[in-house]
Number of protein chains: 2
Amino acid sequence: MRPTAKQVAELAGVSTATVSYVLSGRDRRVGAETKQRVLDAAARLGYTPNQAARSLRRRRTQRVCLVQGSFGGVPTDERLARDLHEMADGHGYSVVTLAVYSEARAVAAVDVLRGGIADAVLVNNVGDHLTEELLAQVVSARLPTVVIGNGPVPPGCDVVRAPETEVSAEAVEHLIAQGRRRVAFLAQRYELYRDRPIGRLLGYHTALDRHGIEQRTVVSGADDRVSAYQAATGLLRSPDPPDAVFAASDRAAISTIWAVRDAGLRVPADVAVVGVGNIDEGLITNPQLSTVGPIRHDYTDVVRLLFDRLQAEEPPPAREIVRPWTFVRRGSS
Amino acid sequence: MRPTAKQVAELAGVSTATVSYVLSGRDRRVGAETKQRVLDAAARLGYTPNQAARSLRRRRTQRVCLVQGSFGGVPTDERLARDLHEMADGHGYSVVTLAVYSEARAVAAVDVLRGGIADAVLVNNVGDHLTEELLAQVVSARLPTVVIGNGPVPPGCDVVRAPETEVSAEAVEHLIAQGRRRVAFLAQRYELYRDRPIGRLLGYHTALDRHGIEQRTVVSGADDRVSAYQAATGLLRSPDPPDAVFAASDRAAISTIWAVRDAGLRVPADVAVVGVGNIDEGLITNPQLSTVGPIRHDYTDVVRLLFDRLQAEEPPPAREIVRPWTFVRRGSS
DNA sequence: CTGTTAGCGCCTTCAA
DNA sequence: TTGAAGGCGCTAACAG
């Protein structure tokens, strides 16, 4: 059995209260020699406080939870995770992560959160599975919640938006201004199964609408590199191939560059390519990748929102951050 | 305040015991109408059992923990996560993930694990940070532990090995057999800072040793695509450029293919390229990527190991799985 | 079929 | 400077 505070207390010849005070660092004046005896006893037994018991008593877990779509993510997700871990460390919190890559996982994650696994939640771009309704269940459990994403969120949580529609439209207008008229869109799955276009897809349509361009080609495939390559190859082989591809992710755009070159065509002369994400990898492609994405890859402001809310005496009003995005023109367009 | 079982009991006009039995599904015969009243009351209050209290009482969390290096991982990691979540679901367990991308994170993770966040642990390839000594602390907390990785592990845990050294040597010998004599190695950081070569690097040296080839070039850069591109470019520009590159990851190998082509050279005519990982993306490069890696991307056997151990009455003997690896020759070599 | 009760391990107030 | 004791919310053994 794992050692308990009681066993440490017996070994040290003190009460469990003293053990608790010494090990949790709460300040109460404890004799130096007593303190040492407790520390020795704890070390000898390999004692670690039972967090379930501690959480029950303190009504706090001293943990925050990151809700992440998957582990095959983009570098941006990794940066977010690091910023969160770093600030959590500084505040004496641990971080646990829940993976939500399907509706079923979202439901399971909400149960775990409502069960009290953590004191606050940071939800990263899993809006397609973690619906507003499910999020509302999290918020109603009085969990401070920050959501990164452009979907609807329930009242009471902070939200971090990205102007992806607007900047995507800007990128597509740039393609149009070059004289491109057959612009195809390589979509992420979750943008497709909707009544009306949203996000990057909406930006695509908006730009073409503005210029009265009728021709639209939207195909799925931006979710992974292999699908993107295949989708792009399919487009290029079609009877009326595109002269530009706007891909909903940089990874898909890079696969598109490959596909164009493998088809014996040139980027950007024959086909222009633009991605979304502004990842570093766009700097090593040939030509370098034009992209739409965040100016800075830094999430300290987002994470600060979470800890502000976590440590506030009473719930602050819901706040919204809009992250600065921009279109970065490089060689591929 | 979050509702408690006591409040549900009062609303339903029953005892907390009945609430507990109804909601935890433990079988005890409960009247149909009573049961319904409890369910209604729970739903009305939005009750979710406090997991800290439940864990404390049951001495089980009904959770398993995945310890993962990072979230910018390879597709393989994602597959492992999915297989784990799936089987956990089937057994009524939740999954929480801890990120260990540094020594500091490893220490923090061990604390959290020893604090009892989960009932079992699956450690995925974080051997460089999560040392044998730290793992021993986890095992000594009586946590069933399965470790994926080729590093040393403490007694009492199951381990999953990959014959990466042997198959890497095979790949390099294949390059030698083609007449390549200036074979460079693109290394991951953690393989470099050692007294003696291990893993893929060891395979590289072994093959060259066998054939009495003196020339060795080892550079860092296989950890991410951008570094790999830069490292490969550096190699190609050196006075004595390689005629083959063995990269410690497929992602690095793919960057190397780009670098070779951007340098105006041909793959494999001028420079052969081989990676490690056997990821699907190797099928869409041009030429297709030769690689060293697992035959199947399936972790159900590994995950089963974990649940076997978790549900065993008494600790089974430590088991070892060796995953089948192979060299897959494709167009790049 | 249902209620009562004794803790799980820890923290923290109160008393000494 | 330290100890005694109650209780966080839940479960499971025991009573009825």
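Hey, for B:Gln215 with labels 7 Å out along Cα-Cβ, what do the inter-copy distances come to in nm, ordered shortest first?
5.0
If you count, for every residue in A:253-262, the Cβ atoms of partner chains within 10 Å of its Cβ, what is the mean? Could the numbers behind the result be given before it?
On the way: counts 0, 3, 3, 0, 1, 7, 2, 0, 2, 3.
That average works out to 2.
Give me the percent of the accessible area of the range A:58-162 that comes from carbon and sulfur atoms, probe 1.4 Å, all protein chains in place. Spell out each step's value before the answer.
Values: 1720 of 3550 Å².
Its accessible area is 49 percent carbon and sulfur atoms.
May I ask you to order B:102-110, B:174-182 by the average number of other C-beta atoms within 10 Å around their residues, highest value first?
B:102-110, B:174-182
Taking the simple approach of a point 7 Å from Cα along Cα-to-Cβ for both B:Arg296 and A:Arg182, what is their distance in nm?
4.5
Can you tell me which of B:Val19, B:Val274, B:Val126 moves the most in a GNM of chain B? Springs connect C-alpha atoms under 10 Å apart.
Fluctuation is largest for B:Val19.
Any idea what % of Cα-Cα pairs in the range B:237-321 are farther than 22 Å?
I get 45 percent for the Cα pairs in the range B:237-321 exceeding 22 Å.
Is the shape of the range A:1-149 best called rounded, prolate or oblate, per the rule: a/c under 1.5 gives rounded, else a/b larger than b/c gives prolate, else oblate, with a ≥ b ≥ c the square roots of the Cα gyration tensor eigenvalues?
Values: a/c = 2.91, a/b = 2.44, b/c = 1.19.
Prolate.
If you stretched the chain out fully between B:Leu283 and B:Arg2, how much longer would it get, using 0.36 nm times the residue separation minus the C-alpha to C-alpha distance?
On the way: separation 281, 0.36 × 281 = 101.16 nm, distance 5.23 nm.
Extending this stretch completely gives an extra 95.9 nm.
Report, ordered by chain and residue number, the aspartates and glutamates lying within cross-link reach of A:Lys35, taken as a straight Cα distance under 20 Å and ignoring same-chain residues fewer than 8 apart.
Hits, sequence-local ones excluded: A:Glu10, A:Asp27.
Let me understand chain B better: what is its radius of gyration from the alpha carbons, and its Dmax, in angstrom?
So, for chain B, Rg and Dmax equal 25.6, 86 Å respectively.
The range A:212-246 to the range A:15-52: how many Å between their Cα centroids?
Each part reduced to its Cα centre gives a spacing of 64 Å.
Pop out the carbon and sulfur fraction of the accessible area of the range A:178-333 as a percent, whole number, probe 1.4 Å.
Roughly 47 percent of what the probe reaches on the range A:178-333 is carbon or sulfur.
Please state the shape class of the protein assembly as shown: rounded when a/c is under 1.5, otherwise prolate if a/b exceeds b/c and oblate if not, all from the C-alpha gyration tensor.
Values: a/c = 2.14, a/b = 1.34, b/c = 1.60.
Cα axes put the protein assembly as shown in the oblate bin.
Given only helices, namely DSSP H runs of n ≥ 4 each adding -39500 (n - 2.57), what is the per-residue ellipticity at 222 nm of the protein assembly as shown, to the nearest 500 deg cm²/dmol? Please list the in-between numbers first.
Numbers: 26 runs with 289 residues, N = 666.
My calculation for the protein assembly as shown gives -13000 deg cm²/dmol from helical runs alone.
What does the C-alpha gyration tensor say about the overall shape of the range B:231-277? Classify as rounded when a/c is under 1.5, otherwise prolate if a/b is larger than b/c, or oblate.
Details: a/c = 1.67, a/b = 1.52, b/c = 1.10.
It is prolate, given that a/c is not under 1.5 and a/b is the larger ratio.
Ordered shortest first, which distances in nm separate the 7 Å Cα→C-beta label point of A:Arg79 from those of the other copies?
3.0
Please report the projected area of the range A:120-188's Cα convex hull averaged over all directions, in nm².
On the way: hull surface 21.3 nm².
About 5.3 nm², averaged over all directions.
If R0 is 56 Å, what FRET efficiency do you get for A:Asp195 and A:Asp262 from their C-beta distance, rounded to 0.05? Walk me through the numbers on the way to the answer.
Numbers: r = 36 Å, r/R0 = 0.65.
Efficiency at R0 = 56 Å is approximately 0.95.
How many partner chain Cβ atoms sit within 10 Å of a residue's Cβ in peptide B:65-78, on average, as a whole number? Can you show the working numbers first?
Details: counts 1, 3, 0, 3, 1, 7, 19, 11, 5, 2, 6, 2, 4, 7.
Going residue by residue through B:65-78 and averaging, the value is 5.
If you wrap a convex hull around the Cα atoms of the range B:75-173, how much volume per residue is inside, in Å³? Don't jump to the answer; show the numbers that get you there.
Values: hull volume 11.3 nm³, N = 99.
Each residue corresponds to 114 Å³ of Cα convex hull volume.
Let me confirm one metric for peptide A:40-53, namely the mean number of other chain beta-carbon atoms within 10 Å of its residues' beta-carbons.
Values: counts 0, 0, 0, 0, 0, 0, 4, 1, 9, 4, 7, 10, 15, 6.
Per residue, the number of nearby Cβ atoms from other chains is 4 on average.
Every other copy gets compared here: list the nm distances from the B:Asp270 label point (7 Å along Cα to Cβ) to its counterparts, shortest first, one decimal.
Result for B:Asp270, in nm, nearest copy first: 2.2.
Mind grabbing the interface size between A and B? I mean buried accessible area, both sides, 1.4 Å probe, in Å² to the nearest hundred.
Details: alone 17080 and 17080 Å², together 29450 Å².
Looking at A and B, the buried total is near 4700 Å².
Over chain B, give the accessible area per residue in Å² for a 1.4 Å probe, as an integer. All intermediate terms of the calculation are to be shown ahead of the outcome.
Values: 14730 Å² over 333 residues.
Value returned for chain B: 44 Å² of accessible area per residue.
Dividing the alpha-carbon Rg of the range A:118-253 by 2.2 N^0.38 Å yields what?
Cα Rg divided by the expected 2.2 N^0.38 Å: 1.22.
The values are calculated or read from the model by the stated rules, or taken from the named source; none is laboratory data. Because the structure is predicted, anything quoted here is derived from the model rather than measured. Backbone-built Cβ (ideal geometry, glycine too); neighbour counts: all protein chains shown. Accessible surface areas use protein heavy atoms only, side chains included; no ligands, DNA or RNA. Shrake-Rupley method; radii C 1.70, N 1.55, O 1.52, S 1.80 Å.
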